[in-house]
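Below is one structure, written out as structure tokens; comments come after it.
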Amino acid sequence: MSKINALVAGATGYIGIQLVKLLTKHKKVKIKYLCGDTSVGKKISSYDKYFNKHKLPNIVKFNKELLKSVDVVFTALPNGEAQKISKNLNNKNILIDLAADFRLKSPKDYLKWYKIKHNAPKLIKQSIYSLPELNSKNLKKYKIISCPGCYPTSILLPLVPLINNNIVKSNNITIDSKSGYSGAGRKIHRKYNNKFLNETLSAYGLAFHRHNSEIDQELKLKTGKNVKFQFTPHLSPMFRGILSTIYLDLKKKESLEKIYFSLKKYYKNNKFIKILKPNTFLGTNEVINTNNCYISVCESKYKDKIIILSALDNLIKGGSGQAIQNMNNYYSFKENEGLNA
């Protein structure tokens with residue numbers, strides 16, 4: 001197959017920049033258009049010196065005429081914007097969205113959690129929520145591929161297999177997640193006025209963080225159970241990376257070893273999920289600049305409880321890398337094409 005043509009909308013945000021970097025390494029993709037708003041006419045190298053060694057198009061304003069000459073459209077835009085673009089897709093296009101526009105199955109839930117009316121509700125049925133390791137088999141049936149959020153990726157990867165195997169209790173799960181500030185996008189600098197981002201740790205979105213809806217939806221769909229969990233996100237004094245610490249109650253006669261081997265077996269054929277030896281301490285440094293998710297099963301001081309650590313790079317496995325992984329699966333490219341660190 002010859003190269004496919006790609007358009008990246010939102011090319012100059014943190015996740016957009018990372019996506020373009022990965023696409024420059026992809027042997028099967030030609031970057032046809034880079035789109036922005038306030039950055040129109042600029043070179044993407046003005047945002048990151050990495051691009052000085054690459055010949056890339058200048059940034060242009062998106063318009064539907066551009067869709068005629070591209071195959072895949074990546075949208076790394078604020079919530080609500082991908083819905084507008086989705087209405088103009090032609091038979092040749094697929095859209096891979098890195099925001100939340102098509103993550104939720106219900107337009108009412110989208111309005112509730114994102115405070116935006118969904119402007120393309122009829123297209124939700126043409127979209128699939130795709131965390132590649134959990135559901136990538138039917139991608140070709142859909143025009144729109146919705147990539148999971150960064151927090152849900154770190155949480156769903158360890159939880160779904162364990163709940164499905166019925167070896168942990170699903171009614172008392174505590175999730176403590178910490179993310180680098182790049183997960184909030186460039187707007188975070190305006191909010192904090194560039195102060196204290198590298199010096200402070202803060203909790204936010206308690207009980208009502210938007211990713212609660214996504215985690216809840218996908219746990220129900222993939223396990224068939226009403227899973228009760230408490231999720232608390234934190235903004236950490238680092239640029240990138242996520243570490244989720246998940247506290248679980250074991251079912252009777254289950255053990256840490258069984259949890260470990262269950263995850264090991266489930267992900268034995270996956271290139272990007274690494275199940276570490278039990279009780280391995282884990283940080284974000286091991287996964288930065290990779291499309292990997294590292295998972296470690298650790299003992300608690302209580303025999304009937306375990307602690308799971310899950311780490312990934314929010315800009316890659318939690319965003320742009322996952323988008324490319326989905327694209328690779330859709331076009332039957334090698335799943336790790338363009339994603340080797």
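Where a number appears in this text, it was derived from the coordinates with a stated rule and is not lab data. Keep in mind that this is a model prediction, so the values were computed, not measured. Using ideal geometry, Cβ is built from the backbone for each residue, glycine included, and neighbour counts are taken over all protein chains shown.
Values computed for the structure shown
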| read-out | value |
| --- | --- |
| Within-14-Å neighbourhood charge of LEU243 [Cβ basis; K, R +1; D, E -1] | 0 |
| Estimated FRET transfer efficiency when R0 is 25 angstrom, pair ASP48-LEU201 (beta carbons, to 0.05) | 0.40 |
| Mean-position separation - Cα centroids, segment 196-221 and segment 291-341, in angstrom | 18 |
| Inter-site label distance for LYS305 and LYS30 at 7 Å from Cα along Cβ, in nm | 5.8 |
| Folded to 0 to 90 degrees: helix 211-223 orientation relative to the chain principal axis, Cα | 70 |
| LYS105 paired with LYS228, simple spin-label distance in nm, labels 7 Å along Cα-to-beta-carbon | 2.3 |
| Extension gain (nm, one decimal) between LYS125 and LYS334, 0.36 nm per residue minus Cα-Cα | 72.5 nm |
| Per-q log10 I(q)/I(0), the chain, q = 0.09, 0.10, 0.13 Å⁻¹ (Debye; single scatterer per alpha-carbon; no solvent) | -0.47, -0.58, -0.99 |
| Residue among ILE155, LEU219, ILE306 farthest towards the positive dipole end of segment 151-314, charges placed on Cβ | LEU219 |
| Cβ charges +1 (Lys, Arg) and -1 (Asp, Glu), total dipole of the chain, debye | 820 |
| Semi-axis lengths (Å, descending) of the ellipsoid that matches the C-alpha gyration tensor of segment 151-314 | 28, 17, 14 |
| Computed FRET value (nearest 0.05) for VAL40 with LYS3, which takes r as the C-beta separation and R₀ as 30 Å | 0.75 |
| Computed label-point distance, nm, for sites ILE116 and LYS252 using a 7 Å Cα→Cβ extension | 4.9 |
